[in-house]
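The values are calculated or read from the model by the stated rules, or taken from the named source; none is laboratory data. Because the structure is predicted, anything quoted here is derived from the model rather than measured. Here the Cβ positions follow ideal geometry from the backbone for every residue, glycine too, while neighbour counts run over all protein chains shown.
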Amino acid sequence: MARKGVGTESAIHESALAGGVDVARAARPPRALVNRRTFVLSGFWGSMAALGAAIVGGWGIDFLWLKEMTGFGAPVDVSASKIPAPGADPVHIAEGRFWLVNVPAGEADSPGGLLALYQKCPHLGCTVPWRADFDFGGKKGWFRCPCHGSTFTKEGGILVSGPSPRPLDTMAITFKPTGDITVQTGQVREGGQDNPLRAVSPGGAGA
């Protein structure tokens, strides 16, 4: 027999009903709800934790270290086999965004040698192609901007016609003992009337 005053919730409720007393059952504690903000934040911090674990584990180490820059903006090597002969058509080096020109000695008062001409038109930045078939002033072979018609000489990228404010810009060139060259595409010098004088040959360096 249960002691007086002691009983289960069910027994107490039944006793109260028998005596005509309306007794409400004890309310259950509310269930904890995960609101949207908490869910989003938990997802964000979970992703950050996963990323941190990946970095510590080695996956992200390569991501954090800067890769060696290549192409435009960095030194670009050009093999001797790609260097044009004196007076030949310019060679386009797409990786470095420049035209390689071999100016004959004495042409446009040049000492002779190589020039790296930036392919970007100084006017509005269009890419300037070499047009071996373009005739200007009775002479064929010019750098001709397709956007607004600025025209530049082969012997130094000197402006002869069009809205460009100056000749084509140049880049520094250094020679290797092998005969290959390196063009410093991160060292762009504004073009000027002295472009032909910037041509360099083995043993020299210029822009």
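Observations on the model:
- Scanning region 78-106 for residues that are over 20 Å from W142 (Cβ atoms) and either of a type in the set (K, R) or in contact (Cβ under 8 Å) with a residue 24 or more places away in the chain (or both) yields V78, S79, A80, K82, I83, E95, G96.
- Options V183, V101, V200: the member that is touching a Phe, Trp or Tyr at 6+ places or on another chain (Cβ under 7 Å), β-branched (V, I, T) and under 23 Å from G73 (Cα atoms): V183
- Scanning region 119-135 for residues that are over 23 Å from S81 (Cβ atoms) and assigned to a strand (DSSP E or B) yields a total of 6.
- Number of residues in region 159-199 that are under 23 Å from K139 (Cα atoms) and touching a helix residue (DSSP H, G or I) at 6+ places or on another chain (Cβ under 6 Å) equals 2.
- Within region 78-114, considering residues that are touching an Asp or Glu at 6+ places or on another chain (Cβ under 6 Å) and of a type outside the set (A, V, I, L, M), the one surrounded by the most Cβ atoms within 10 Å (Cβ to Cβ): E107
- Residue match in region 174-186 (condition: in contact with a Ser or Thr (Cβ under 6 Å, 6 or more places away or on another chain), touching a residue at least 24 places away in the same chain (Cβ under 8 Å) and assigned to a loop (DSSP other than H, G, I, E, B)): yes
- Total residues in region 86-108, condition outside any loop (DSSP other than H, G, I, E, B) and modelled with pLDDT under 95: 2
- Residue pairs meeting the criteria (Cβ under 6 Å; at least 6 apart or on separate chains; first acidic (D, E), in region 141-169; second assigned to a loop (DSSP other than H, G, I, E, B)): D169/E190; D169/G191
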